[in-house]
Amino acid sequence: MAKIKVLMLGPDRSVKGGVSGVVNNLYDAGLDKYVELRYIGTMVDGSKARKLVRAARAYLTALICINHYDIVHVHVSADASYYRKSFFIKMALRHHKKLVIHQHGGDIKRFYGHDLKGRSHSKMVSLFNQSDAFIVLAPNFKDFFKHLIISDNKISVIGNGIKIPDIDAKSKDYDLNNILFLGRICKDKGIGELLDAIDKLSVKYPDVHLYLGGFFEDESFKTRVNNLSSNITACGWIDGEAKEELFDKCPIFVLPSYYEGMPLSVAESMAHGCATIATNVGSLDQMIDDGHTGLLVRAKDSEDLYKALDTVIGDPELRKSLGRAALSIARDRYDIIKMRNSILQIYKDVINE
């Protein structure tokens, strides 16, 4: 039997972000060995001009090759991602291709439910309803989309997957007061609140240390980070062995974002046995069982974040309990092989419709 041919569209695989991370994980899991897969990056990091050139080049590339493929799989988020991907969605529909829309991003209620109005909202509804399959990251996103735009039978919930590390939680040193953050260093990731909390914690726990793994999207935070240099290390964007080393030395993980979809970093932290503290946004309340596999805090609330960090720093046995409970569920829930197989099943289903 001939392989299903899939044209996949999303941010370039070199982009520093969650969606490209998911795509890279799917490649690592061998998705391209089960289908004939071509990936076209529609966005790159850099200036607006560079992004525009890449989008135009990606559109022309897709236009040239689209007739070769059975399925067009589009990774889309809110804001600029939606507007950019709408051109590719229309292309797939014009060429009568099976269309899989894969919805990422956490600020969907604001964008799809509020910002898009009038004709723009109607066009979005029309485009999404013409998809053959619509993938969301968690049940709460399914509830949102089925009430807003799309019939329930088209929507599939497929959580993001990671390569599960081969670690032994018993070897993790839960007595260290090291905290890890992974992501863009900007306001929307709750960096302001995190720095407030670290500033306060450093008085009570002089040995507390925050490792920031990410690039400064907002340069204004550099001064504050430098002022706390004895308690903060800015590591830049990290992956591979460098990331594994930080997970090894940090028994606590924090993600105080204002909005999220299903962050890979939290799946990774749980799979590394970290006591995870995150804001109660997006699907995080479905990833973390508050008080059992991690702690949830209010977004944009420095004091709530401080109290949660103070709680786990002051109680090594609690952080050990949270970390080990998280590890026990992460191995089954977030395995990239499970995600890969679910996507392959969707491909088979839409081809056989």
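The values are calculated or read from the model by the stated rules, or taken from the named source; none is laboratory data. None of these values were measured; they are calculated from a predicted model. Methodologically, a virtual Cβ is constructed for each residue, glycine included, from the backbone with ideal geometry; neighbour enumeration extends over all protein chains shown.
For the range 71-87, the tally of residues that are on the phi < 0 side of the Ramachandran plot and touching an Asp or Glu at 6+ places or on another chain (Cβ under 9 Å) stands at 3. Scanning the range 131-169 for residues that are in contact with a His (Cβ under 7 Å, 6 or more places away or on another chain) and farther than 15 Å from V22 by Cβ, which turns out modelled with the lowest pLDDT? Checking each candidate, the answer is I167. Being touching a Phe, Trp or Tyr at 6+ places or on another chain (Cβ under 9 Å) and not assigned by TED's automatic domain parsing to the domain that holds I101 is a condition met by no residue of the range 130-140. So is E241 assigned by TED's automatic domain parsing to the domain that holds T293, in a helix (DSSP H, G or I) and farther than 24 Å from D304 by Cα or not? Yes, satisfied.
Quick one: would you say Y112 is over 30 Å from P139 (Cβ atoms), outside the structural domain of K243 (by TED's automatic domain parsing), out of contact with any His (no Cβ under 6 Å at 6 or more places or on another chain) and of a type in the set (F, W, Y)? Spelling it out, it is not the case that Y112 is over 30 Å from P139 (Cβ atoms), outside the structural domain of K243 (by TED's automatic domain parsing), out of contact with any His (no Cβ under 6 Å at 6 or more places or on another chain) and of a type in the set (F, W, Y). Scan the range 325-353 for residues that are modelled with pLDDT of 95 or more, assigned to a helix (DSSP H, G or I) and not aliphatic (A, V, I, L, M) and jot them down. If the condition is that a residue be modelled with pLDDT of 95 or more, assigned to a helix (DSSP H, G or I) and not aliphatic (A, V, I, L, M), then K338, R340, N341, S342, Q345, Y347, K348, D349 are the ones that fit. Here G161 meets the list (1) closer than 30 Å to K249 by Cα; (2) under 24 Å from the mean Cα position of the chain (by Cα); (3) surrounded by fewer than 22 Cβ atoms within 10 Å (Cβ to Cβ) almost entirely, failing just condition (3). Scanning the range 188-211 for residues that are crowded, with 21+ Cβ neighbours inside 10 Å and among the β-branched types (V, I, T), which turns out nearest to the chain's Cα centre (by Cα)? Restricting to residues being crowded, with 21+ Cβ neighbours inside 10 Å and among the β-branched types (V, I, T), the top hit is I191.
For the range 62-176, which fully contained strands (runs of 3 or more DSSP E) count at least 2 residues that are over 30 Å from R331 (Cβ atoms)? Give the steps one after another, and end with the answer.
On the way: elements: 71-76, 98-103, 133-136, 155-157.
In the range 62-176, 71-76, 98-103 are the strands (runs of 3 or more DSSP E) which contain 2 or more residues that are over 30 Å from R331 (Cβ atoms).
Return the residue satisfying two criteria in turn: it lies in the range 25-37 and is surrounded by fewer than 18 Cβ atoms within 10 Å (Cβ to Cβ) and out of contact with any Leu (no Cβ under 6 Å at 6 or more places or on another chain), and of such residues it is farthest from A267 (Cα to Cα). Ranking the qualifying residues of the range 25-37, first place goes to E36.
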